[in-house]
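Each reported figure results from applying straightforward, stated rules to the coordinates on display, with no laboratory input. Quick caveat: nothing in here was measured; it's all calculated off a predicted structure. Please note: Cβ atoms are built from the backbone with ideal geometry, for glycine as well, and neighbour counts cover all protein chains shown.
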């Protein structure tokens, strides 16, 4: 059994925020490649009408997830929420030990 952790996120893109989300995506992917060796996959897909964004992220293990969330929060979370949450967010399945989640400052 693998220790990889993944999630699939579906977000409604806020009206008028597609370009902001596109810019944020490029920044996030570049920064993640430089700063997060534990992230194994990071794929974004935008619907043709630019209203829905699907994100697939896969991490080496739960420690890599915690590291990602600790890094993501202070650097990108506010811009991510503003540009992508329009009343709908759905999350796929991820297994992360509760003890690891206690270290994430929300």
Quote to one decimal, in nm, the extra length available between residue 34 and residue 3 on full extension: 0.36 nm per residue of separation minus the C-alpha distance between them.
-> 8.9 nm
Show me 58-70, 10-22, 29-41 ranked by packing, highest mean number of other Cβ atoms within 10 Å first.
-> 58-70, 10-22, 29-41
Give, in nm to one decimal, the length gained when the segment between residue 77 and residue 43 is fully stretched (0.36 nm per residue of separation minus the Cα-Cα distance).
-> 10.5 nm
